[in-house]
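Just so it is clear, none of the values below were taken in a lab; they were calculated from the coordinates. The structure presented is a predicted model; accordingly, all values stated were derived computationally and were not measured. No Cβ is skipped: glycine too gets one built from the backbone with ideal geometry, and neighbour counts run over all protein chains shown.
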Amino acid sequence: MEKTLEQQHSNCIKVVLFGPESTGKTTLSKALAEHYGTHWVAEYARDYLQNKWDIEQKTCERSDLLPIAIGQMQLENAAAAKTDELLFCDTNLLETKVYSEVYYDGYCDPVIKDYAKKNCYNLYFLCDIDVPWVADDLRDKPYERKKMFSAFEAALQKQELPYVILSGSKTNRLKNAVNHINQLLIPTI
């Protein structure tokens, strides 16, 4: 089972859109993929949990986290196999780990925790909470945005991962992200 959470080898640069709910991660993932003419990886949890809500009127439970993590890595590995240059991930296992620890009193499945550390990405864009919160069936923490943002930033800092905070309008976020990605694309001499 553990191998299902492992990143398959890829030569592409992987960039993660990271942070609390309703901060523009999906919008920016799509925009960046379009800008660079490459692939992006959707958030597996969104469809998984929406389907669960539609059928059972239930939200995420601890038992959902491992299937979500497995589904996310299947999507990422499939997309990475299609590109050699650049891949945008609209979440990753570290995001799943942060949510697990916040929602379940510090608990995260040890396998998810392990692969959240092992899997590698070139850059994280931590999306700021300075955009309006948009309600839907799954989002549930409109008044805890600062707390959630702090939890995501602390996770990046704890693992000493490279990240940039993206703030402002969609246009400003895209421009800032493109500037940082272009620096990654410059060949090293």
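Return, ordered by residue number, the residues of segment 33-51 whose backbone nitrogen is under 17 Å from a label point located 7 Å along Cα→Cβ of Glu85.
Those under the cut-off are 33-41.
Can you tell me the Rg and the Dmax, both Å, for the Cα atoms in segment 113-188?
My reading of the Cα-based Rg and Dmax gives 14.6, 45 Å.
Evaluate the Debye formula for the chain with equal point scatterers sitting on the alpha carbons, no solvent, and hand back log10 of I(q)/I(0) at q = 0.12, 0.14, 0.19 Å⁻¹, in q order, two decimals.
-0.55, -0.77, -1.49
Taking loop as defined by DSSP and a crowding limit of 15 other beta carbons within 10 Å, which GluC sites (Glu not before Pro) in segment 2-59 fit? Don't skip to the end; give the middle numbers.
Numbers: sites: Glu2, Glu6, Glu21, Glu34, Glu43, Glu56; in loops: Glu6, Glu21, Glu43.
Loop-located and lightly packed - Glu6.
Could you tell me the relative contact order of segment 2-185? Use alpha-carbon pairs under 8 Å, at least six residues apart, and round to a whole percent. Provide the component values of the computation, followed by the final result.
Working: 272 pairs, mean separation 61.0, N = 184.
That works out to 33 percent.
What longest region of the chain stays clear of trypsin sites (Lys or Arg not before Pro) that DSSP places outside H, G, I, E and B and that have at most 12 other Cβ atoms within 10 Å? Don't skip to the answer; put the middle values down first.
Working: sites that count: Lys58, Lys82, Arg139.
By the stated rule (loop sites, at most 12 other Cβ atoms within 10 Å), 1-57.
What percentages make up the Cα-Cα pair-distance distribution of segment 1-106 when the bins are 5 Å wide from 0?
Per 5 Å bin, starting at zero, the Cα-Cα P(r) for segment 1-106 comes out as 2, 12, 21, 23, 20, 12, 6, 2, 0 percent.
Please name whichever of Ser100, Pro142, Ala31 sits farthest to the positive end of the charge dipole of the chain, dipole taken about the Cα centre and charges placed at Cβ: Lys and Arg +1, Asp and Glu -1.
Result: Ala31.
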